[in-house]
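The values are calculated or read from the model by the stated rules, or taken from the named source; none is laboratory data. All values reported here derive from a predicted model rather than from experimental measurement. All Cβ positions, even for glycine, are placed from backbone atoms using ideal geometry, and neighbour counts span all protein chains on display.
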Amino acid sequence: MASAGVVRGTPRGPPKMATMTEQAGEHAADQPTGKLEQVIAAQVRHYRTTQGLSSAELAARTGMSKAMISRVETATTSCSLTTLQRLADGLKVPVTALFRGADTDRDATFTKNGQGSLTVRSGTQHGHEYRVLGTLKGRTDALEPTLVTLTDASDVFPLFQHPGTEFIYMLSGKMVYGHGSYEYAMEPGDSLLLDGEGPHGPLELLDLPIRFLAISAK
């Protein structure tokens with residue numbers, strides 16, 4: 001079985017922040033810039049163009065020169081906090097919007113249809129398939145999504161207990177699902193949120209094949 005691919009950003013060092021001197025909110029001279037300045041440049045240009053503003057119009061809104069707007073948008077200058085606030089006010093966006101995309105070194109898992117890590121658990125030999133759709137390494141609080149497929153009407157069903165909570169969403173088929181001393185008749189579109197410490201699992205398979213998404217969180 002093919003495994004889910006983990007997509008990670010390329011590790012980078014901290015962005016280079018140039019020492020700067022501000023006069024009336026503008027940088028005195030162009031200096032080499034790093035990743036953060038490039039992000040700010042892209043965001044300012046994006047918000048300006050989507051609002052239909054020219055560089056001159058944004059300069060008028062912010063009280064900055066057109067040349068300074070150009071330097072910001074070409075990432076050839078570093079902005080002070082005052083300049084960032086004036087840009088955000090002129091664009092009518094939060095200051096944080098100008099940094100969007102700067103922190104991109106985060107793990108992600110992408111799983112194509114029909115792929116994912118097949119997990120062998122008690123019950124698999126009875127036609128129960130548990131396909132883990134993604135994991136995040138080093139995260140103790142990460143969700144664990146699993147696609148469960150039941151294709152065998154065996155009388156032996158596994159019951160599970162684990163820390164945390166679990167969310168079940170029915171995709172196809174019908175079954176009776178047990179949690180502790182309670183039973184739930186489930187069909188497509190039904191969902192169940194449960195405490196993982198209580199014994200839980202399918203009790204009766206009514207309409208095969210059965211597929212449901214189980215998402216657990218510790």
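Side notes on the structure shown:
- Contacts under 6 angstrom Cβ, first residue in region 130-150 being in a loop (DSSP other than H, G, I, E, B), partner of a type in the set (Gly, Ala, Ser) and modelled with pLDDT under 90, 6 or more apart: LEU133/GLY116; GLY134/ALA4; LEU136/ALA142
- The set of residues from region 36-59 being loosely packed, with under 14 Cβ neighbours inside 10 Å and either within 10 Å of GLY90 (Cα to Cα) or touching a helix residue (DSSP H, G or I) at 6+ places or on another chain (Cβ under 6 Å) (or both) comprises just one member, ALA56.
- Scan of region 172-194 for residues that are farther than 15 Å from PHE157 by Cβ and surrounded by 14 or more Cβ atoms within 10 Å (Cβ to Cβ), ordered by number: PRO188, ASP190, LEU192, LEU194
- Yes/no for LEU150 being under 19 Å from LEU194 (Cβ atoms) and at pLDDT below 90: yes
- Any hit, region 117-135, residues being over 19 Å from LEU58 (Cβ atoms), at pLDDT 80 or above and in contact with a helix residue (DSSP H, G or I) (Cβ under 9 Å, 6 or more places away or on another chain): yes
- Flag for GLU183 being of a type in the set (D, E, K, R), part of a strand (DSSP E or B) and farther than 18 Å from HIS128 by Cα: yes
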